[in-house]
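The values are calculated or read from the model by the stated rules, or taken from the named source; none is laboratory data. Because the structure is predicted, anything quoted here is derived from the model rather than measured. Cβ atoms come from the backbone with ideal geometry, glycine included; neighbour counts cover every protein chain shown. The accessibility values were calculated without ligands, DNA or RNA, using every heavy atom of the protein model including side chains. Shrake-Rupley method; radii C 1.70, N 1.55, O 1.52, S 1.80 Å.
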Amino acid sequence: DALSTRLNTVGFNAKVVDDITPIIYGKLLLNLNNALNALSGVPLRTMLSQKAFRLCSYHTIKEARNVLRRAKIQEKSLKLPIWMVLLFLRMPQWAFPVFMNTVYKIDPKAKLSMLQDLERKRKTEIQHLCGEIVKIGKEIKVPTPINAKLVELVSKAEDAKAGSPCIAGEKLARLLGLDVGNNGKESTFTRNVVVLCATSMLLL
């Protein structure tokens, strides 16, 4: 309590929690985007503005979340709830720029740490992110093909020491075994829920 009080007096928004484990795993789910950003070679905002990359992000996080649930590991996000993040990743292309400009603002030049590591030819944290999901999946015998492929691709780029492989969104989706052809064919119900959530967030 004393430490959080000191941090808050100098501008931090520190909170005391009884169990930080769910927050760690909530952060892990969001940080899985590091691998996608590293492979894309472009700033995070540019990556997320492309629906094929959002498709990759959606299925990567969804697979990981399923593993955590099967392993009975709780997750909690301090920002947007994970279920809402997943909904926004399925947002129609026309609506996503509005979301990016209001609810989830990102510096147009911002790159995640894993992409910066590849650019500087440094060892990445892939084993601690997607690799952690793969490890948990093996322990409980739940397949994690998407996260395992991301570990493989990032590790290969890391060993090559040639920077990011700059893989396009649709190509990456195919490498991850995702059906790019169905990209954007959400049900009317899903679209309505996404738009409703987006509108609600904009009004907050």
Open item on the list: Regarding region 59-72, can at least one residue be identified that is within 11 Å of the chain's Cα centre (by Cα), crowded, with 21+ Cβ neighbours inside 10 Å, of a type in the set (A, V, I, L, M, F, W, C) and under 24 Å from LEU175 (Cα atoms)?
Closed with: yes
Task: Unmet criterion (only one of (1) touching a residue at least 24 places away in the same chain (Cβ under 8 Å); (2) of a type in the set (S, T, N, Q); (3) surrounded by 14 or more Cβ atoms within 10 Å (Cβ to Cβ)) for GLN116 - done: (1)
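Within region 138-166, which residues are of a type in the set (A, V, I, L, M) and assigned to a helix (DSSP H, G or I)?
Result: ILE146, ALA148, LEU150, VAL151, LEU153, VAL154, ALA157, ALA160.
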- [ ] Name the one entry in LYS72, LYS109 that is part of a loop (DSSP other than H, G, I, E, B) and without any contact (Cβ under 8 Å) to a residue 24 or more places away in the chain.
- [x] LYS72
Open item on the list: Among the residues of region 22-44, what is the count of those that are in contact (Cβ under 8 Å) with a residue 24 or more places away in the chain and open to solvent by 60 Å² or more (accessible area, probe 1.4 Å)?
Closed with: 1
Open item on the list: Quick check on PHE99: is it modelled with pLDDT under 80, in a helix (DSSP H, G or I) and farther than 24 Å from THR124 by Cα?
Closed with: yes
- [ ] Could you pull out the residue among LYS156, LYS76, LYS109, LYS105 that is over 18 Å from the mean Cα position of the chain (by Cα) and open to solvent by 60 Å² or more (accessible area, probe 1.4 Å)?
- [x] LYS156
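Residue-wise test of (1) modelled with pLDDT of 80 or more; (2) within 30 Å of GLU139 (Cα to Cα); (3) not acidic (Asp, Glu).
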{"residue": "THR5", "(1), (2), (3)": "no, no, yes"}
{"residue": "VAL10", "(1), (2), (3)": "no, no, yes"}
{"residue": "LEU32", "(1), (2), (3)": "yes, yes, yes"}
{"residue": "ARG54", "(1), (2), (3)": "yes, yes, yes"}
{"residue": "ILE61", "(1), (2), (3)": "yes, yes, yes"}
{"residue": "ASN66", "(1), (2), (3)": "yes, yes, yes"}
{"residue": "LYS76", "(1), (2), (3)": "yes, yes, yes"}
{"residue": "LEU80", "(1), (2), (3)": "no, yes, yes"}
{"residue": "LEU87", "(1), (2), (3)": "yes, yes, yes"}
TODO: Identify all residues within region 121-137 that are surrounded by 14 or more Cβ atoms within 10 Å (Cβ to Cβ) and in a loop (DSSP other than H, G, I, E, B); write none if there are none.
DONE: THR124, GLU125, LEU129
Open item on the list: Give me the residue from region 75-96 that is touching a residue at least 12 places away in the same chain (Cβ under 8 Å) and assigned to a helix (DSSP H, G or I) and, out of that set, farthest from ILE23 (Cα to Cα).
Closed with: PHE96
Task: Residues of region 106-150 classified as of a type in the set (A, V, I, L, M) and more than 16 Å from ASN33 (Cβ to Cβ), total - done: 5
Open item on the list: For region 128-153, give me the residue count where each residue is under 15 Å from the mean Cα position of the chain (by Cα) and either acidic (Asp, Glu) or over 23 Å from ALA52 (Cβ atoms) (or both).
Closed with: 3
